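Reviewing the structure listed below.
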Amino acid sequence: MQLETTLPTAAASLEFYTPTRAPRLTFNLAAPRGFGDRDNTWAWSMIWWRGKLYVGTNRSWLCCERAAMNIALPGVIKALLAKYPPDDPEVECAPDPLDLQLQAEIWTWTPETDAWERVYQAPKDAIVKGRPDRYVSREVGYRYMTLFPEADGSEALYIASVTPKFVYWLYGRGNHHFPPPGLLRTTDGLHFSHIPQDPGTFMGDLPKNTLRTMVVYKDKLFLTHGPVRGYGFLMVSADPQAGNDSFQYACPETMKVFDMTTYNGYLYVGVRDEEGGYGVVKTDASGQPPYQFTTVVSKGGYLAKPSTNVISMRVFKDRLYVGTDRPAELIRINPDDSWDLVIGTPRQTPDGWKHPLSGHDAGFNNYLNGHIWWMREYEGRLYVGTMNMGMTLRTLPQAEGIIKPGSGVHLFETEDGCHFAPVTTDGFGRISNFGVRTMVDTPHGLFVGTTNNWTGLEIWRGTPVAEATATPPEELEVEMKDGKPLLSWDAAAGARQYLIWRAPFYDRRGTIERNKVLSSLLKVVRNFLRANRRMYLPPLPDKVWVPERYEAIGATSETSYVDDKATAGQHYMYYVVAEYEVGQRSVASNIVTSPSFTPAVTFDNLRQLVQRHASRLEIGDAARETVDAAQAAVKMGDNAAAIVALKNLYGRLAQVEIAAWAASDVQVALRKLVRRISLVQANLIPADSL
């Protein structure tokens, strides 16, 4: 086949190369902090139902955690890590845990009046063993909400609770008389009642402190139960309002479940494993429980020091995105149960090397981001929120100066699962906002609920930005040019110039190991944990990345920029902002990492990707031929013809329906390679780098 018969004309191809751009959001505080009460510390659950937003809180959570740890840990560990009340000038805890105000609350927002109202408060009717004269709240928090279609055709809202029993062990270990965690039910959003949990029944004798994730699958309610840390065993009921013995185990009791969701016709479950690393399994829940499960991901994704927990799951554009805990990695599972690394450390696996598609290491290159805690789709974009440890760790000796710049919850959004743009990297301007605990898409915008142990939870509302006023640069990419980072991006129509922002990030593992106080503390804690297997502290990763703040480093009217001031061997993150009229700026582009943790796209790895998906793509053979022809064009110096060919292939892939997810993979790689060919055209990189 001759080259000229393979390559189409430019006029025939350019119309296909117009990626969809979903609107960006601007966020504003949507409720008084803590709903006017700083003891409402976490927005632990959230749902949109019957034209209202419902939010479940927890109460005085740092105080609860410290009181429980103070009881459980021995003297030296207690003195170092678990003083009660805590040595933190910004948190207030009652001297006696019995005096903590722990009645969990449920609040609603009505859009017509833009008003918040408390519709439920947990009853203060639990007796603490050894103190029959004192009543305390039976529920310290509402951890999860879901809707369940019941047999009579009605729809009920179920709310999973957490009991403060773990706080009150001080007043009698083995406090078996304390009520088990309850399951609230309402059909109107005004009247709430607990499902039956009589002593001697399955639900009445639940041994642990928390009910957590709930998923409806095949007309059954699946629910997890376990300790406060979140993992536990999986239960199932076809008639949850009956309570008592209507629930039973859905999996072996030895299987520790953290999060779950439905995907591709199955129930996918994230499994905790302290020894080998987290796993993801699936079941079709056929037959009688306990059900049979098939392994999809094992051994913590084959990382040398893997996460033990799956913290979050969300389906987005036919993939299942799975977020983990320390390290905070993000993988995505495909419809054929293959999986890709999206954010995390490159590693060898049985399927070969996996590099992060985003180019970012765990935690978005920030060790303080300990969880990928919550994800939600809104208007064609996936929003990804973290849990950030900075505010808590700041009180450790000599730590604050190092960790403060990287502190505060991070929230990112992505349209393609590869390019992640920052919504906030500092807790919406308040580093005590340390986690995105829940998000809900509504007809009135995307609502984000934070965790804040110091000044109370916050609710943020994101609404679309008018794109015509300040469109951001898209698809920022980076590679090295003569040892310096070379940035390039798609032009933003009407922009007068682009501002370049940069944040260095450093490996702080050596700093920790050289700090005598911190290293001694870690040694003492780890020695204790070796003898207490029920407790777990994740090991430090090989690289403990902690970033500095972003600073503006330059401006250009071009769509590329070489950072000549970058230090050799230093790691950086970058984003770009478009400036229109003076003072009018766009939101940030996606962030990139230099050097990237994933290789640049070349013809060879594009060809490998096409080969991987050849059996799924309707144009597999034609795709391979086009890639070969485009590479030949580059070798002949006809870069323009190569770009036209690849753009035409992009357009043909947009018409693939059977395996659109596979076509999307190739399209992302095509966009990246077209960008690199354009850099060759501009004499910014050599042709042999392709």
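In segment 500-519 there is at least one residue that is farther than 23 Å from Ala362 by Cβ, at pLDDT 95 or above and not assigned by TED's automatic domain parsing to the domain that holds Met46.
On the given criteria, is Leu649 buried (at least 16 other Cβ atoms within 10 Å of the Cβ) and at pLDDT 95 or above? In short, no. Here segment 543-575 is the region considered, the condition is being aliphatic (A, V, I, L, M) and within 22 Å of the chain's Cα centre (by Cα), and the residue that is farthest from Lys305 (Cα to Cα) is Met573.
Just checking, which of Ala115, Ala160, Ala126 is in the same structural domain as Tyr84 (by TED's automatic domain parsing) and surrounded by fewer than 18 Cβ atoms within 10 Å (Cβ to Cβ)?
Ala115
Among the candidates Ala669, Ala642, Ala682, Ala659, the residue that is of a type outside the set (Phe, Trp, Tyr) and surrounded by fewer than 17 Cβ atoms within 10 Å (Cβ to Cβ) is uniquely Ala682. Screening Pro472 on (1) crowded, with 21+ Cβ neighbours inside 10 Å; (2) modelled with pLDDT of 95 or more shows it passes everything except condition (2).
Yes/no per residue for (1) modelled with pLDDT of 95 or more; (2) more than 35 Å from the chain's Cα centre (by Cα); (3) not aromatic (Phe, Trp, Tyr):
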| site | (1), (2), (3) |
| --- | --- |
| Arg616 | no, no, yes |
| Ile619 | no, no, yes |
| Ala622 | no, yes, yes |
| Glu625 | no, yes, yes |
| Val634 | yes, yes, yes |
| Ala645 | no, yes, yes |
| Ala660 | no, no, yes |
| Lys672 | yes, no, yes |
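Counting only residues that are basic (Lys, Arg) and under 16 Å from Leu609 (Cα atoms), segment 653-690 holds 2 of them.
Leu320 meets the conditions (1) closer than 19 Å to Lys354 by Cβ; (2) of a type in the set (A, V, I, L, M, F, W, C); (3) in a strand (DSSP E or B); (4) more than 16 Å from the chain's Cα centre (by Cα) in every case but one. The failed one is (4).
Elements of the type helices (runs of 4 or more DSSP H) sitting completely within segment 338-442 and holding at least 1 residues that are under 14 Å from the mean Cα position of the chain (by Cα), crowded, with 23+ Cβ neighbours inside 10 Å and aromatic (Phe, Trp, Tyr): these cover 362-365.
Test Ala304 against the criterion of being more than 16 Å from Thr146 (Cα to Cα) and either under 19 Å from the mean Cα position of the chain (by Cα) or of a type outside the set (D, E, K, R) (or both), and give yes or no. Criteria met by Ala304.
Can you tell which of Leu211, Leu221 is under 28 Å from the mean Cα position of the chain (by Cα), among the hydrophobic types (A, V, I, L, M, F, W, C) and closer than 22 Å to His177 by Cα? Show your work before the answer.
Numbers: Leu221 fails: closer than 22 Å to His177 by Cα.
Testing whether each residue is under 28 Å from the mean Cα position of the chain (by Cα), among the hydrophobic types (A, V, I, L, M, F, W, C) and closer than 22 Å to His177 by Cα leaves just Leu211.
The strands (runs of 3 or more DSSP E) found wholly in segment 444-513 include none carrying at least 3 residues that are of a type in the set (Gly, Ala, Ser).
When restricted to residues that are out of contact with any Phe, Trp or Tyr (no Cβ under 7 Å at 6 or more places or on another chain), in contact (Cβ under 8 Å) with a residue 24 or more places away in the chain and closer than 21 Å to Lys354 by Cβ, segment 587-611 contains 14.
Exactly one residue among Val582, Val601 is touching a helix residue (DSSP H, G or I) at 6+ places or on another chain (Cβ under 6 Å) and not assigned by TED's automatic domain parsing to the domain that holds Gly406, and that residue is Val601.
Which ones in segment 606-639 are polar (S, T, N, Q) and surrounded by 15 or more Cβ atoms within 10 Å (Cβ to Cβ)? Of everything in segment 606-639, those that are polar (S, T, N, Q) and surrounded by 15 or more Cβ atoms within 10 Å (Cβ to Cβ) turn out to be Thr626, Gln631, Asn639. Residues of segment 31-62 that are more than 19 Å from Arg138 (Cα to Cα) and in a strand (DSSP E or B): Met46, Ile47, Trp48, Trp49, Lys52, Leu53, Tyr54. Exactly one residue out of Gly204, Gly200, Gly189 is within 21 Å of Phe247 (Cα to Cα) and out of contact with any helix residue (DSSP H, G or I) (no Cβ under 7 Å at 6 or more places or on another chain): that is Gly200.
The values are calculated or read from the model by the stated rules, or taken from the named source; none is laboratory data. Note that the coordinates shown come from a computational prediction; the quantities given were computed from them, not determined experimentally. Glycine also receives a Cβ, built like all others from the backbone with ideal geometry; neighbour counts cover every protein chain displayed.
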